[in-house]
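Undergrad: First the structure, then my questions, so here it is.
The values are calculated or read from the model by the stated rules, or taken from the named source; none is laboratory data. In this text, all values refer to a predicted model and were calculated from it rather than measured experimentally. Heads up, the Cβs are rebuilt from the backbone with ideal geometry, glycines too, and the neighbour counts pull from every protein chain shown.
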Amino acid sequence: MPWGLQLDVDLPRTFARLVVLTLFQTTNRDAFDDFSDLLPQYDFIVVGSGSGGSVVASRLAEVRAWNILVLESGGVAPPEAMIPAYNFILMQGEADWNYFTVPQKHGLGAYVNRSCPFPLGRAVGGSSAINWMMYVRGNRRDYDHWDHALGNRGWSYRDVLPYFKKAEDYTGTRNKDTAEYHGRGGPLPVEDKRWWSPLLDGFLRAGQQMGYSIVDPNGPEQIGFSAADMTQKGGERAAVSERYLQRAKQRGNIHVVSRAHVTKILFDRNKRATGVMFRHRGKDHSVSARREVVVAAGAVGSPKLLMLSGVGPKQHLRQHGIPVVADVPGVGANLQDHPSIFGLSWTSKPGSATNLLNLGSPVSIKEYLGSRRGPLTTPLAVEGNAWSVNESGEDVKEWPDLQYLFMSGTPAIDKGLFLYQLIGFKREFFNEYFGPILGREGFNIGPMLARPKSRGTVRLQSADPLDPPLIDPNFLSHPDDVDTFVRGIKFVLALTNMSALRDDFNARFHDKVVPGCEGIGYGTDKYWGCYTRQMAQTTYHPCCTLKMGLPNDPMAVIDHRLRMRAVHGVRVVDASMMPVIVAGNLNAPVIMIGEKAADLIKEDWGVL
């Protein structure tokens with residue numbers, strides 16, 4: 001990242017850290033560094049401590065006879081990560097891999113170099129340490145599709161629901177009618193939002209005026225509007241590192257080594273994984289695995305590690321001089337993400353939206369300290385979600401292809417000081433398009449493709465394990481994705497014309513012509529298609545790069561028990577295992593995958 005992009009973000013990041021260290025005394029948290037106690041061999045080595053790795057490792061440690069090692073490339077999350085409202089300054093910071101996409105052919109016209117930031121957690125807890133904390137499972141038809149249509153036995157909604165419930169400790173009050181779909185007493189706290197702007201009420205009522213219901217999106221049906229459920233406890237972030245790993249360490253049979261960058265999986269002549277090599281404090285080390293290596297480094301990190309280890313498309317490996325252990329063309333292919341539009345903005349009446357100054361005000365800090373209430377308890381401007389009826393004509397209407405993210409703020413909420421950099425907009429584009437609404441109160445509704453058709457890749461830049469990979473989401477390469485976005489834009493324009501927003505909050509659309517689409521009839525489908533190609537970017541939900549599938553699928557990498565087919569002793573437990581992305585945020589599904597994977601492993605080794 002160019003040096004100049006970092007400067008303006010440093011000030012809010014430093015301020016947030018000082019607030020946390022001064023008032024909340026977070027310095028005594030477990031450092032997760034057991035390197036001095038490292039054993040030469042473990043039953044299982046788990047690579048990555050994110051939402052899959054932390055969960056599966058902690059559950060495997062329930063078997064007292066097993067020793068578990070977790071290797072995490074990052075360190076402990078910075079202290080400001082504990083406060084939900086400060087999540088936006090975690091991007092492009094020390095707990096983020098600071099990756100960017102390769103320049104996009106079909107989109108990202110408004111972004112620097114037609115590339116956008118691709119945030120991924122590099123910390124104990126992985127992306128759960130820096131994410132936006134929304135708890136969304138996806139649609140039940142997603143999982144039935146994995147099982148019934150794609151042949152991945154044991155992954156139907158009926159099969160995975162018990163694992164969602166096993167993980168969950170739901171203490172919310174809104175979803176009484178769907179109590180049977182929620183778990184209580186699990187490691188992962190799920191709460192109601194503790195603070196919301198007045199605009200949330202307008203959003204929900206506008207949905208009702210359009211004929212939609214207020215729903216529990218994690219209940220039997222997803223179509224409708226909802227306030228966001230949050231993975232937090234007592235107003236603090238609930239990362240898997242705290243809720244799973246830290247508790248598991250008390251058993252005494254699990255070691256966690258942070259800042260341990262795994263560079264290679266080791267295989268014997270029979271293609272069985274025997275251990276891993278990793279770099280810790282500038283020195284290379286190796287450790288062996290008696291039973292399995294569990295790869296849980298995420299949809300980007302896991303295929304990268306496998307390719308560095310000689311498992312992947314043989315021509316690509318040979319291009320970088322990597323000896324081929326197994327030719328597996330599906331490694332790094334099938335990359336999917338949820339692109340969304342962040343920039344469809346409306347102004348609103350004073351006092352209705354998120355005020356950025358409140359995040360550091362003495363009043364807000366006092367409220368947080370005294371009752372764990374107020375704006376510090378909610379990720380910046382995050383309010384609610386909606387899923388509209390599928391009108392593509394191709395699928396079941398109750399299986400949505402669009403999700404809508406409602407935020408009580410616009411990209412110009414900070415008057416252009418630093419948010420545009422975290423989003424990735426060109427400065428000149430931002431000034432021209434958002435200049436008229438700098439600092440004004442308002443909201444953003446971002447249509448998000450819940451089931452995009454475009455597919456991308458993760459590839460190696462070189463054989464150096466420290467080089468960032470080449471991430472190509474190939475956004476909007478499938479023309480249907482643009483058409484779906486156009487439908488989504490029309491939906492939110494109709495939504496915001498409901499009296500609950502238009503009249504009650506004086507909502508006015510920022511209708512300036514987006515730079516790059518001049519000369520196209522404003523408001524036409526062609527214009528909104530151009531708008532999409534300028535504005536749509538990642539929603540930070542990469543998956544599917546080591547997809548689960550049947551043996552007759554040449555691009556399938558793992559079987560329905562998450563075992564790699566071409567090599568032995570390797571299991572994949574993260575979002576990369578998904579064959580097709582689900583219609584919702586990915587943190588909750590990956591935690592479910594970790595829970596189910598632990599039982600699969602225990603069954604395969606005869607202890608369940």
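Undergrad: Counting only residues that are buried (at least 22 other Cβ atoms within 10 Å of the Cβ) and in a loop (DSSP other than H, G, I, E, B), which one in segment 446-460 is farthest from the chain's Cα centre (by Cα)?
TA: Checking each candidate, the answer is Leu460.
Undergrad: Let me ask something additional. Kindly establish whether Ile83 is over 22 Å from Arg237 (Cα atoms) and out of contact with any Pro (no Cβ under 7 Å at 6 or more places or on another chain).
TA: For Ile83, the condition - over 22 Å from Arg237 (Cα atoms) and out of contact with any Pro (no Cβ under 7 Å at 6 or more places or on another chain) - is not met.
Undergrad: Something else about it: In segment 594-608, how many residues are surrounded by 15 or more Cβ atoms within 10 Å (Cβ to Cβ) and either in contact with a helix residue (DSSP H, G or I) (Cβ under 9 Å, 6 or more places away or on another chain) or not in a helix (DSSP H, G or I) (or both)?
TA: The number of residues fulfilling the criteria is 9.
Undergrad: Here's a follow-up. Considering only segment 202-232, how many residues are under 13 Å from Asn385 (Cα atoms), surrounded by 18 or more Cβ atoms within 10 Å (Cβ to Cβ) and either among the polar types (S, T, N, Q) or without any contact (Cβ under 8 Å) to a residue 40 or more places away in the chain (or both)?
TA: Counting residues in segment 202-232 that are under 13 Å from Asn385 (Cα atoms), surrounded by 18 or more Cβ atoms within 10 Å (Cβ to Cβ) and either among the polar types (S, T, N, Q) or without any contact (Cβ under 8 Å) to a residue 40 or more places away in the chain (or both) gives 4.
Undergrad: Can you find, within segment 138-181, the residue that is nearest to Ser213 (Cα to Cα) among those that are part of a helix (DSSP H, G or I) and of a type in the set (Asp, Glu)?
TA: Step by step, filter segment 138-181, then rank; the result is Asp177.
Undergrad: Inside segment 213-299, counting only strands (runs of 3 or more DSSP E) that do not spill past its ends, which hold 2 or more residues that are over 13 Å from Gly48 (Cα atoms) and polar (S, T, N, Q)?
TA: Once the strands (runs of 3 or more DSSP E) in segment 213-299 are filtered for at least 2 residues that are over 13 Å from Gly48 (Cα atoms) and polar (S, T, N, Q), what remains is 283-295.
Undergrad: Checking the condition crowded, with 16+ Cβ neighbours inside 10 Å, in contact with a His (Cβ under 9 Å, 6 or more places away or on another chain), of a type outside the set (Phe, Trp, Tyr) and at pLDDT 95 or above, which residue from Arg279, Arg291 passes?
TA: Residue meeting the stated conditions: Arg279.
Undergrad: Another one. Would you call Phe505 at pLDDT 95 or above, in a loop (DSSP other than H, G, I, E, B) and crowded, with 20+ Cβ neighbours inside 10 Å?
TA: The answer is yes for Phe505.
Undergrad: If you scan segment 306-333, which residues turn out to be assigned to a helix (DSSP H, G or I) and either surrounded by fewer than 23 Cβ atoms within 10 Å (Cβ to Cβ) or at pLDDT below 95 (or both)?
TA: Of everything in segment 306-333, those that are assigned to a helix (DSSP H, G or I) and either surrounded by fewer than 23 Cβ atoms within 10 Å (Cβ to Cβ) or at pLDDT below 95 (or both) turn out to be Lys314, Gln315, His316, Arg318, Gln319.
Undergrad: How many residues are at negative phi, touching a helix residue (DSSP H, G or I) at 6+ places or on another chain (Cβ under 8 Å) and part of a loop (DSSP other than H, G, I, E, B) when one looks only at segment 77-102?
TA: 8
Undergrad: Looking at segment 82-110, I want the residues that are within 27 Å of Asp483 (Cβ to Cβ) and have a partner that is among the aliphatic types (A, V, I, L, M) and not in a loop (DSSP other than H, G, I, E, B) with Cβ atoms under 6 Å, at least 6 apart or on another chain. Which pairs are those?
TA: Qualifying pairs under 6 Å: Thr101/Ile471; Val102/Leu470; Gly107/Ala536; Ala110/Met535.
Undergrad: Just one of the numbered conditions (1) surrounded by fewer than 16 Cβ atoms within 10 Å (Cβ to Cβ); (2) in contact with a Lys or Arg (Cβ under 7 Å, 6 or more places away or on another chain) is not true of Ala463; which one?
TA: (2)
Undergrad: May I pose another question? State which residue pairs qualify: first residue part of a strand (DSSP E or B) and inside segment 463-490, second residue surrounded by 16 or more Cβ atoms within 10 Å (Cβ to Cβ) and not hydrophobic (A, V, I, L, M, F, W, C) in any location, beta carbons under 7 Å apart, and separation of 6 or more residues or different chains.
TA: Taking only residues 6 or more apart or on different chains, the pairs are Leu470/Arg459; Ile471/Tyr99; Ile471/Thr101; Asp472/Thr101; Asp472/Gly456; Asp472/Thr457.
Undergrad: Which numbered condition trips up Met578, out of (1) touching a strand residue (DSSP E or B) at 6+ places or on another chain (Cβ under 9 Å); (2) among the hydrophobic types (A, V, I, L, M, F, W, C); (3) surrounded by fewer than 24 Cβ atoms within 10 Å (Cβ to Cβ)?
TA: The failed condition is (3).
Undergrad: I'd like to verify a number: residues in segment 332-367 that are more than 30 Å from Leu470 (Cα to Cα), in contact (Cβ under 8 Å) with a residue 60 or more places away in the chain and of a type outside the set (Phe, Trp, Tyr), how many?
TA: Here the count works out to 13.
Undergrad: Here's a follow-up. Could you tell me how many of the residues in segment 292-331 are without any contact (Cβ under 8 Å) to a residue 12 or more places away in the chain and in contact with a strand residue (DSSP E or B) (Cβ under 6 Å, 6 or more places away or on another chain)?
TA: 0
Undergrad: Take segment 507-554 and flag every residue that is touching a Ser or Thr at 6+ places or on another chain (Cβ under 6 Å) and of a type outside the set (Ser, Thr, Tyr).
TA: Ala507, Arg508, His510, Leu546
Undergrad: Consider only pairs whose beta carbons are under 7 Å apart and that are at least six residues apart or on different chains; among these, list those whose first residue lies in segment 508-525 and is exposed (fewer than 14 other Cβ atoms within 10 Å of the Cβ) and whose second residue is not in a loop (DSSP other than H, G, I, E, B).
TA: Gly521/Tyr527
Undergrad: Next question. Out of curiosity, is Ala77 at pLDDT below 95, touching a Leu at 6+ places or on another chain (Cβ under 6 Å) and buried (at least 24 other Cβ atoms within 10 Å of the Cβ)?
TA: So Ala77 does not fit the description; no.
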